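K.L.:
Just dropping this structure here.
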Amino acid sequence: MNDTPRSNLTELSVSELSGAIKRTLESGFDRVRVRGELSGFKRHTSGHLYFALKDADALIDGVVWRGQAARLAIKPEDGLEVVCTGRVTTYGARSKYQLIVDQMELAGEGALLKMVEERRKRLAAEGLFDESRKPALPFLPAVIGIVTSPTGAVIRDILHRLADRFPRHVLVWPVAVQGSGAAEQIAAAIRGFNALAPGGTIPRPDLLIVARGGGSLEDLMAFNEEIVVRAAAMSAIPLISAVGHETDTTLIDYASAKRAPTPTAAAEMAVPVRSELVAQVARYGGSLVSALTRFVGERRTRVDGLRRGLGDPRRLVEEQSQRVDDRAERLALAGARFTEQRRASVAEAFARLPHPRQQLARAEDRLLGLVARLGATNEAAQRQRSQQRDRLTELTGRARQQLQRRLTESRAALRSQVALLESFSFQRVLERGFVLVADATGKPVSTSAAARAAADVVLRFQDGSVDARVGEASPPGSAKPAKRGGAKQDRLL
């Protein structure tokens, strides 16, 4: 007879005990949020994700099933501090408990920034951000490719700015700019534009713009993904990144050819202002004319040097210039006196010549006197008055003709004298491209020594005057290029 006392505990199998523990854990921790650091991350060939979530004192295994792995907001990797949401369960085959995760997010902005910074350093070490590999932006692209969301203000702002500055052919590749799958779409769009063949049915862009409006750090995470950064770095087409606001920085900014603070600024970088180009072409035309003028001047100096045996042309020019100045002054005085004399003559002629109305009034007075003496009924007086009136009419017509003829002759003579005076005017010389140099008092400056002594001079052109300051004199045959500047800026001679 067995006297061994028997226990009143229920006897369980291993499977029963494992199942009871499983039910207890699952009922007590139906839904939990756990914060910790990812460790030992592994992606199984089945698509499931396995990892450990740890802190300073403990560790718990975690699993993300394949269906949930594609919908995670972040890409797990070792060292990330995350917050996992899921349920606690056990794995009886190994007598361990684990966390079944269906949501995963970074634990605060600091962890996100740390991850981005570590990724930036790693990609920079590969040389993806080197300036030497970035293509230069085209001056005026014929076709611009834009990678952005087809809705919202970003695409409208870019198109509006391009239309204002210089309208171009635009191709839009619509993508999602945040959330699951956004990074893959953006990278595919960049690679797709680069894959277009030049001269094909769809034109290949000369420039790409990747744009998105502002948002939080989490909203902009698609542009920090490695797949997007590598696509931007490998783009053979120059790429401008315009993600977020001016203070936002993403990893695509380091890989792109240029970074724009805003999408509107990206449009301004892409094309120049057409009106400014027109003005620039005009300035280049002026520079070309100036260069041609200098070239002709240099050749003229060389010819003058070959003619030294014929005398000093400068002295001859100075003498003739002084003579021209003397003749110009005399001509100006003579023209003024001549004009005044002609005006006085015309005024005197007008004064001597009585007005036809005065002649008519005088004749009528004489006629009325005769009529009064001879009587109103005298037939002979009536005939005489009629004759006198006819004579008066004839005289009046002749007087008008004579006055008109004298006025015409005087005007013709005056115009002839004015034309002669203008032909001798130095203003015609200025219209042929010469410049009159005068000092501050208005006195002409005819020598370089006088110009240096005056320091400040006035250059008088045919359409106005320009103040200038005299610099150091250049030896014969040399030419100093004029400093470029605004139309009203003084220049050094």
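The values are calculated or read from the model by the stated rules, or taken from the named source; none is laboratory data. Computed from a predicted model, the values in this text were never measured in an experiment. Virtual Cβ from ideal backbone geometry, glycine too; neighbours counted across all protein chains shown.
K.L.:
Would you confirm, using the coordinates I've provided, whether residue 81 is within 25 Å of residue 222 (Cα to Cα) and at pLDDT below 85?
P.N.:
Considered against the rule, which asks whether it is within 25 Å of residue 222 (Cα to Cα) and at pLDDT below 85, residue 81 comes out as yes.
K.L.:
Filtering segment 343-360 down to residues that are part of a helix (DSSP H, G or I) and closer than 18 Å to residue 394 by Cβ, which residue is modelled with the lowest pLDDT?
P.N.:
356
K.L.:
Give me the pairs, please: first residue somewhere in segment 264-275 and of a type outside the set (Asp, Glu), second residue anywhere and assigned to a helix (DSSP H, G or I), beta-carbon distance under 6 Å, and either six or more positions apart or on two chains.
P.N.:
264/157; 264/161; 267/158; 267/161; 267/162; 271/165; 273/165
K.L.:
Would a scan of segment 236-245 turn up a residue that is farther than 15 Å from residue 144 by Cβ, at pLDDT below 90 and surrounded by 16 or more Cβ atoms within 10 Å (Cβ to Cβ)? Walk me through it before giving the result.
P.N.:
First, the residues of segment 236-245 that are farther than 15 Å from residue 144 by Cβ: 236, 243-245.
Going one step further and asking which of them are at pLDDT below 90, we end up with 244-245.
Adding the requirement that they be surrounded by 16 or more Cβ atoms within 10 Å (Cβ to Cβ) leaves 244.
Yes - at least one qualifying residue is present in segment 236-245.
K.L.:
Right, here's the next one. Using the structure shown, decide if residue 134 is touching a residue at least 60 places away in the same chain (Cβ under 8 Å) and surrounded by 12 or more Cβ atoms within 10 Å (Cβ to Cβ).
P.N.:
yes
So that you can scan it fast, the table gives a plain yes or no per residue for (1) in contact (Cβ under 8 Å) with a residue 60 or more places away in the chain; (2) farther than 30 Å from residue 178 by Cβ; (3) within 51 Å of the chain's Cα centre (by Cα):
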| site | (1), (2), (3) |
| --- | --- |
| 10 | no, yes, no |
| 23 | no, yes, no |
| 57 | no, yes, no |
| 60 | no, yes, no |
| 89 | yes, yes, no |
| 113 | yes, no, yes |
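K.L.:
Turning to a different aspect of this structure: For segment 178-217, give me the residue count where each residue is in a loop (DSSP other than H, G, I, E, B), more than 29 Å from the chain's Cα centre (by Cα) and surrounded by 15 or more Cβ atoms within 10 Å (Cβ to Cβ).
P.N.:
Of the residues in that region, 3 qualify.
K.L.:
Considering only helices (runs of 4 or more DSSP H) fully contained in segment 361-466, which possess at least 3 residues that are among the aliphatic types (A, V, I, L, M) and under 30 Å from residue 322 (Cα atoms)?
P.N.:
Values: elements: 379-423, 426-431, 448-454.
Correct list: 379-423, 448-454.
K.L.:
Tally the residues that are more than 22 Å from the chain's Cα centre (by Cα) and either outside any strand (DSSP E or B) or not assigned by TED's automatic domain parsing to the domain that holds residue 266 (or both), restricting the search to segment 165-177.
P.N.:
Adding up the residues that qualify gives 3.
K.L.:
Moving on. From the list 162, 72, which residue is surrounded by 12 or more Cβ atoms within 10 Å (Cβ to Cβ), modelled with pLDDT of 85 or more and at negative phi?
P.N.:
162
K.L.:
Does at least one position in segment 333-344 carry a residue that is hydrophobic (A, V, I, L, M, F, W, C) and more than 30 Å from residue 445 (Cα to Cα)?
P.N.:
yes
K.L.:
If you don't mind, there's one more thing I want to ask. Out of 233, 211, which single residue is touching a helix residue (DSSP H, G or I) at 6+ places or on another chain (Cβ under 7 Å) and closer than 13 Å to residue 146 by Cα?
P.N.:
Answer to the selection: 211.
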